[in-house]
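Below is one structure; the comments refer to it alone.
The values are calculated or read from the model by the stated rules, or taken from the named source; none is laboratory data. Keep in mind it's a predicted model, so treat the numbers as computed, not measured. Glycine gets a Cβ as well: all are built from the backbone with ideal geometry, and neighbour counts include every protein chain shown. For accessibility, only protein heavy atoms count, side chains too; no ligands or nucleic acids. Shrake-Rupley method; radii C 1.70, N 1.55, O 1.52, S 1.80 Å.
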Amino acid sequence: ALYHTAIHPSLYSDVNGEYRGMDRQVHKADGFERYTVFSIWDTFRALHPLMCLIERERTADFLKSFQSVYDECGKLPIWELQGYETNCMIGYNSVSVIADALSKGIAGVDYARLLDAMLASSKKHEYGLDSFYDDRAVIADKEHESVSKSLEYAYDAWCVAKTAEALGRNADKDEYLGYASYWRNIFDPSTGFMRPRLNGRWLTPFNPREVNNHFTEANSWQYSFFVPQDISGHIGALGGDEAYAAKIDALFDAPEETAGRTQADITGQIGQYAHGNEPSHHIPYLYNYAGQPWKTQERVRQILSTLYTSAPDGLCGNEDCGQMSAWYVMSALGLYNVCP
């Protein structure tokens, strides 16, 4: 697993520092090595937090590579590959990698410039961001995968706010902390699930096991726990510690069958928990926040011992550029960043 975590990101600049940039021009990395293959929707969760611990100098080069991507194409990487932006996943989660590196003391990086890039990237007129700001959540009338995008944009906004706070930019901090609370606008208290909003009301009928166009490679069960920036607020919305822990119990104890369309990424299931894809990865650790750490210990041990082997088919899902293996490494160490 540790070997797998070292495969990507990959060195992109040549021995003389030259590389072909996002603008298709030849650039030269000055004082750093330029990297590529930033599968950030996957890797912000565990791979990059692990790199902040064991590859600190290389992490600084990752952030400098982010800056060069922004300088060449006008936004931070979403899913950058060999000098191209594929835009194939959601969120603008490079801000998570930056905020996490800053919080862990990664040095030699111009965080003020990166914050400017974070702010500019967060206000691009694309992928439902306009709806997020105008409607205080991404609305299903206007954008597909609206629930997943709402939740990830809210978390990303929190990362921007924490970076601004660390740099003394209090106006930016206050603005983005407001956006970070928008997860509440797709939380349905009558069901306890994150639910699409369509035509001014909740999407009806609603089945939390249904895989559909309102979620990214997942269903409501798997995305309804993605509020890493405000777990205490989410616990309160669900009715307190006991109710919150019972909701996680229900996730793991639910039947494995999903409804709706077939989604090849939903694998490695324990109930509706799907370890083979990233939106579920932090969920076993949430019991700690509700005062039931023994349940985290039990589920993490179950996943480590039943969903990973050293055989050729030893992963229960897509490796996703090291994220699956980084989860193993971190969990074997007894560490996990629920909120990078």
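Residues that are in a loop (DSSP other than H, G, I, E, B) and over 19 Å from Y153 (Cα atoms) occur at least once in segment 52-68. Pairs linking a residue in segment 307-320 that is touching a residue at least 40 places away in the same chain (Cβ under 8 Å) and on the phi > 0 side of the Ramachandran plot to a residue that is outside any loop (DSSP other than H, G, I, E, B) and of a type outside the set (V, I, T), with Cβ atoms under 9 Å and 6 or more positions apart or on different chains, are D320/S39; D320/W41; D320/D42; D320/L47; D320/E278. Residues that are modelled with pLDDT of 95 or more, more than 22 Å from W41 (Cα to Cα) and in a loop (DSSP other than H, G, I, E, B) were ranked within segment 188-203; the one that is least open to solvent (accessible area, probe 1.4 Å) is G192. How many residues, within segment 72-109, are assigned to a helix (DSSP H, G or I) and either touching a His at 6+ places or on another chain (Cβ under 6 Å) or free of Cβ contacts under 8 Å to residues at least 24 places away in the same chain (or both)? Qualifying residue count for the region: 1.
Within segment 20-63, count every residue that is of a type in the set (K, R), without any contact (Cβ under 8 Å) to a residue 60 or more places away in the chain and either open to solvent by less than 10 Å² (accessible area, probe 1.4 Å) or touching a Gly at 6+ places or on another chain (Cβ under 8 Å) (or both). Talk me through it step by step, then tell me what you get.
Here is the first cut: in segment 20-63, the residues of a type in the set (K, R) are 20, 24, 28, 34, 45, 56, 58.
With the extra rule that they be without any contact (Cβ under 8 Å) to a residue 60 or more places away in the chain, the set shrinks to 24, 28, 34, 56, 58.
Checking which are either open to solvent by less than 10 Å² (accessible area, probe 1.4 Å) or touching a Gly at 6+ places or on another chain (Cβ under 8 Å) (or both) leaves us with 24, 28, 34.
Going through segment 20-63 one residue at a time, the tally reaches 3.
Looking across segment 110-120, the residues that are assigned to a helix (DSSP H, G or I) and either touching an Asp or Glu at 6+ places or on another chain (Cβ under 9 Å) or open to solvent by 60 Å² or more (accessible area, probe 1.4 Å) (or both) come down to R113, L115, D116, A117, M118, L119.
Residue under question is E217, and the condition is that it be free of Cβ contacts under 8 Å to residues at least 40 places away in the same chain, open to solvent by 20 Å² or more (accessible area, probe 1.4 Å) and assigned to a loop (DSSP other than H, G, I, E, B); does it hold? Reasoning before the result, please.
On the way: free of Cβ contacts under 8 Å to residues at least 40 places away in the same chain: no; open to solvent by 20 Å² or more (accessible area, probe 1.4 Å): yes; assigned to a loop (DSSP other than H, G, I, E, B): yes.
Against the criterion (free of Cβ contacts under 8 Å to residues at least 40 places away in the same chain, open to solvent by 20 Å² or more (accessible area, probe 1.4 Å) and assigned to a loop (DSSP other than H, G, I, E, B)), E217 does not qualify.
Residue count for segment 148-187 under the criterion of being without any contact (Cβ under 8 Å) to a residue 60 or more places away in the chain, among the charged types (D, E, K, R), open to solvent by 50 Å² or more (accessible area, probe 1.4 Å) and assigned to a helix (DSSP H, G or I): the result is 4. Show the residue pairs meeting these rules: Cβ distance below 6 Å; 6+ apart or different chains; first residue within segment 270-291 and more than 21 Å from M89 (Cβ to Cβ); second residue part of a helix (DSSP H, G or I) and of a type in the set (D, E, K, R). Short answer, once both residue conditions are applied: G271/D253; P284/R299; Y287/K295; A290/D241; G291/D241.
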